[in-house]
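**Q** Here it is: the structure, laid out below.
The values are calculated or read from the model by the stated rules, or taken from the named source; none is laboratory data. Note that the coordinates shown come from a computational prediction; the quantities given were computed from them, not determined experimentally. When we count neighbours, we look across all protein chains shown, and the Cβ atoms used for this are built from the backbone with ideal geometry, even at glycine.
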Amino acid sequence: MRGLGNVQVGRVHIHHYIWGILLLIVVGACGLVERTPVWRTWMGLAFGIGLALVVDEAALLIELKDVYWNRQGGISIAIAIILIGVAGSVLAFTRAPHAETTTR
């Protein structure tokens, strides 16, 4: 798509974890003022997207330099897999079972 490529400010490349952090800040601020179920659903989706953008580039945050395509970039993949596994497990084991509806 046009306009969705690399973003640069001057000669500095803006990595997508920056957009993830900004999205997490917006969701956090919205969560302080809005508590309706519909908004909470959308905020949950936006939070997941923002967190994925940050986790995807964890190696860049750890090394504080562009190692994404180097061997150290494998750290990012490992961290992402571990976090997804832990988060998925927590959700799977803590989710309350749905109440079954019965008809009379």
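**Q** Looking at ILE79 and the list (1) assigned to a helix (DSSP H, G or I); (2) at pLDDT below 75, which single condition is not satisfied?
**A** (2)
**Q** Any chance the range 18-38 includes a residue that's among the acidic types (Asp, Glu), under 24 Å from ILE77 (Cβ atoms) and out of contact with any Gly (no Cβ under 7 Å at 6 or more places or on another chain)?
**A** no
**Q** Filter the range 82-104 for residues that are surrounded by fewer than 10 Cβ atoms within 10 Å (Cβ to Cβ) and part of a helix (DSSP H, G or I); which is modelled with the lowest pLDDT?
**A** Only one residue tops the list, namely LEU91.
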